[in-house]
Structure formats: C-alpha cells, structure tokens
1. Just to check your reading of the model, which residue among ALA48, ALA21 is touching a residue at least 24 places away in the same chain (Cβ under 8 Å), open to solvent by less than 20 Å² (accessible area, probe 1.4 Å) and within 24 Å of THR150 (Cα to Cα)?
2. Give the residues of the range 1-29 that are at pLDDT 90 or above and over 17 Å from the mean Cα position of the chain (by Cα), sorted by residue number.
3. Which of the residues spanning the range 52-85 are open to solvent by 50 Å² or more (accessible area, probe 1.4 Å) and either in a loop (DSSP other than H, G, I, E, B) or touching a residue at least 40 places away in the same chain (Cβ under 8 Å) (or both)?
4. Can you spot a residue in the range 135-142 that is surrounded by 13 or more Cβ atoms within 10 Å (Cβ to Cβ) and modelled with pLDDT of 95 or more?
5. Which ones in the range 111-134 are in contact with a helix residue (DSSP H, G or I) (Cβ under 6 Å, 6 or more places away or on another chain) and either open to solvent by 10 Å² or more (accessible area, probe 1.4 Å) or of a type in the set (Asp, Glu) (or both)?
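The values are calculated or read from the model by the stated rules, or taken from the named source; none is laboratory data. Everything numeric here is computed off the predicted structure, so don't read it as measured data. Backbone-built Cβ (ideal geometry, glycine too); neighbour counts: all protein chains shown. Surface accessibility is based on the protein's heavy atoms, side chains included, excluding ligands, DNA and RNA. Shrake-Rupley method; radii C 1.70, N 1.55, O 1.52, S 1.80 Å.
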Amino acid sequence: MSAAVGDDGTAGGDITVVGHADLTPDTLLLVESALRARLARHPARGTAMVRTGAGTPLASGRAARASGRPLAVVIPTRSGVPAMPPQRDRMATGELLTLADQVRLLTYDPLDRDSCVGADERLVAAGALLLAVWDGSPSNGRDATAHLVTYARARGVPVEIVWPAGATREAEPATRAER
C-alpha cells in the first residue's frame, strides 16, 4: 500500500487536487460533490493525489473514492520517517489513510507554510492535471492556491478550476486593530 514520491515529485500521470483551506462546511459538501462528478467523468484514469489535511484534501479524498478513482495520500516525512500532522489535521489524516489506495511519502514540514507550498509544487509538477478548488482570488500570504494555479500553467500542466455555485470561504479573522 505504500509508494514513495521522490523529492523531485516523480509520481506519474496523477491528478493533483489543491485548494483553499478556509472553505465553509457547506462549501466543502459542494466541493466534494463537484469533485466527485469531475473525477468520475474525467477520461484519464490516473490516481487522485492529495497532500494530507482537513478541508479540501479530505473532501477530495472522499470524492475520489466515491467516483471510483484510486486515491494516493501524500504524507510528510522527515529523514524517511512519517511526520506527525498538526493537531487540526489528525482526524482528517486518519480518515484519508483509510480511504487511500496508496500512501506516498514526501519530505516537507507540515507546520511550515513555505514547506507545504513547496511540497504542493512538487505534486503539481509531477501530475498530469491539476484540479484547483479556487475562487479566483489572488494569493494573500495565507493561501497559495492562486500561486499553485499559476505554477501549474507555467509548467504546462493542465488546470481545471472547481468552484461550485454557492461556494464561500470563511471570513478572515479580524486583526487586532479591527477588534
């Protein structure tokens, strides 16, 4: 059940799924349904690949399994040893691992945003298609989805945007000056 993704991101003709981390619970249900339909009708039979985590990754994993597409879950590793996910992602990681057909190891620090973006870049570069759960907004320092779409397009990786009607994101937390 275990396969490795090298630090160069080599994995084959996978469909990488990335997206906003701040989707509302109702939006996650819409996204899961939209991804399930998209994956079921996509002509290529590659593996759906997500980096472990709550939110979009979990919705993507559920959609992949419901569509009949194989699922690869990418987990962080340090020196070849799986790293503990952040507390907020542990339940989702457990569910994703039970849904997975494959577990792939990739060196990155799950607590470091730049490291996670670098891991996503390697997955995008290795994939045959990027499905981006994206509302079209620019990167803002918290969310790198726009960057990953641009990254994929610059490397010739086809991109399909998934943003179902009625989808929304959580409001940004107020800054101290606004409270």
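1. On the way: ALA21 fails: open to solvent by less than 20 Å² (accessible area, probe 1.4 Å).
ALA48 is the lone residue from the list that is touching a residue at least 24 places away in the same chain (Cβ under 8 Å), open to solvent by less than 20 Å² (accessible area, probe 1.4 Å) and within 24 Å of THR150 (Cα to Cα).
2. ASP26
3. We begin by selecting, within the range 52-85, every residue open to solvent by 50 Å² or more (accessible area, probe 1.4 Å); these are 62, 65-66, 68, 78-82, 84.
Across the range 52-85, the qualifying residues are GLY68, SER79, GLY80, MET84.
4. In the first step, residues of the range 135-142 are kept if they are surrounded by 13 or more Cβ atoms within 10 Å (Cβ to Cβ); the result is 135, 139.
If we keep only those that are modelled with pLDDT of 95 or more as well, we get 135.
Scanning the range 135-142 turns up at least one residue that is surrounded by 13 or more Cβ atoms within 10 Å (Cβ to Cβ) and modelled with pLDDT of 95 or more.
5. Looking only at the range 111-134, we keep the residues that are in contact with a helix residue (DSSP H, G or I) (Cβ under 6 Å, 6 or more places away or on another chain), and these are 120-121, 124, 130, 132-134.
Selection gives ASP120, GLU121, TRP134.
So that you can scan it fast, the table gives a plain yes or no per residue for (1) touching a Leu at 6+ places or on another chain (Cβ under 9 Å); (2) outside any loop (DSSP other than H, G, I, E, B); (3) open to solvent by less than 20 Å² (accessible area, probe 1.4 Å); (4) over 25 Å from ARG36 (Cβ atoms):
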| site | (1), (2), (3), (4) |
| --- | --- |
| GLU95 | yes, yes, no, no |
| ASP109 | no, no, no, yes |
| LEU148 | yes, yes, yes, no |
| ILE161 | yes, yes, no, no |
| ALA171 | no, no, no, yes |
